[in-house]
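Data block below; observations after.
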Amino acid sequence: MAKTVKIEVKEQNLLATLQKFFKTLLQNGDIDALLVPQHLPMKNSVMPTLVADPEKIDGVDPLAPVFPMNSAKVVSKLTRRPLDEKIAVVLRPCEIRAFIELVKLKQGETENVVLIGMDCYGAYGNVDYTRFAGDDGSDASLRFYENVVSGKGTAWEDIDISPACKACEHPVPEHADMVIGFVGVDTKDQLLLKAITASGENLLEKLGLPEGEETEDRKKAIENLVSERISYRDKMFDETSEATSDIKKLTAYLGNCVNCYNCRVACPVCYCKECVFVTDVFDHEPSQYLKWAKRKGIIKMPTDTIFYHMTRLAHMSTACIGCGQCSNACPNDIPVMEIFRTIASYTQKAFDYEAGRSLEDEPPLSVFREVEYNELTGGKD
């Protein structure tokens, strides 16, 4: 099931066209509220906002190349209980995949939610975006997309999009109800809007937009972008595996960790209500630190940093969708995303599982299979 229409871009203003489209969604009565990134007055920041009034849509900017948080966590909060009203949520591909994982972990529901995905060229880190955007965030968003579409790439001065974005092999949403397409589309004239589910198609039917089609140019452009991302990803996997191949290297890799736990808080699929690392389990007695120091001669403070990351890797690598918010939140620029994505690639391959791939895939270790890992159990097919 797929229906494709086109949205005419007026005066070559991509952002104004999107704002008008979202305003129409709210005005036609089928959508009660819209979750979408919007410029806020404080320091020109861009954050998820829940908009119910169509007249409050002017600051909306889903094109902004910044990713201060993974909005899957917000959608989870909005859908943990049954909703009587319908909301539409505008998400990046990694946010959709994170939400799929949360739904499977019973942390959200898809009922009465319309997922609107957008092609994603990537995002800068929070600090880099502030430099890039300057005093006019809307103009910066258009400048970013014009540079990408014209072949100038994503780099600006001495900054570029985050490593997580460079390594993301899912720049086009795969599990949305509707997809807004930019890649391989002449966005000076039009945008593509594709309904993938019945919910998305029902909404499209009421908008009365002219039919469109996905061209071979778009398919080729997507293939090229994905190929570029995979090449970067595989190189990153190799370099990270080498950099963390033994305990000495791993200790150096994580040496700047101060146990702030920002990576845990920022992770969209880390859903535990209480983390063992913020309980008294690791609130050691003062004498214990002295004993360790006397036994080894010297210990790094704070302690338990490597154990913390190894525990998270064991806990979360099956659900990691590679959004990079862990690295984005790290105050000491530890490449947390790189090690999580690398370990997740091994873990998920072992279970023939890809986080965020489908609502039908049962999370690893959540089901019992009589025939599994015969090379270890000695069983037979």
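Every number here is computed from the coordinates shown, using simple stated rules; none is lab data. What you see is a predicted model; the values in this text were computed from it and never measured. For neighbour counting, all protein chains shown are included, and Cβ atoms are generated from backbone atoms with ideal geometry for every residue, glycine included.
Descriptive notes on the structure:
- Placing pseudo-labels 7 Å out from each Cα toward the beta carbon at GLU228 and ALA16 gives an inter-label distance of 2.9 nm.
- Size descriptors for the chain, from the alpha-carbon set: Rg then Dmax equal 22.3, 75 Å.
- Each 10 Å bin from zero up to the one holding the largest Cα-Cα distance in the range 156-229 carries the following percent of pairs: 17, 40, 31, 11, 1.
- Distance between the range 1-51 and the range 262-321 - C-alpha centres, whole angstrom: 41
- Percentage of interatomic Cα-Cα distances in the range 71-129 larger than 15 Å: 50
- Isolated cysteines in the chain, defined as those with no second cysteine Cβ under 4.7 Å, comprise CYS120, CYS165, CYS168, CYS257, CYS260, CYS272, CYS275, CYS320, CYS330.
- Taken over the range 246-377, the alpha-carbon convex hull comes to 153 cubic angstrom per residue.
- Set of lysines near LYS294 by C-alpha distance (under 22 Å), chain-local residues within fewer than 8 positions excluded: LYS248
- 3J(HN,Hα) couplings calculated from phi for the range 172-184 with the Karplus curve 6.51 cos²θ - 1.76 cosθ + 1.60 (θ = phi - 60°) are, in sequence order, 10, x, 10, 10, 7, 6, 9, 10, 9, x, 10, 4, x Hz; Gly and Pro show x.
- Over the residues of the chain, the helix contribution to mean residue ellipticity at 222 nm works out to -12000 deg cm²/dmol, using -39500 (n - 2.57) for each DSSP H run of at least 4.
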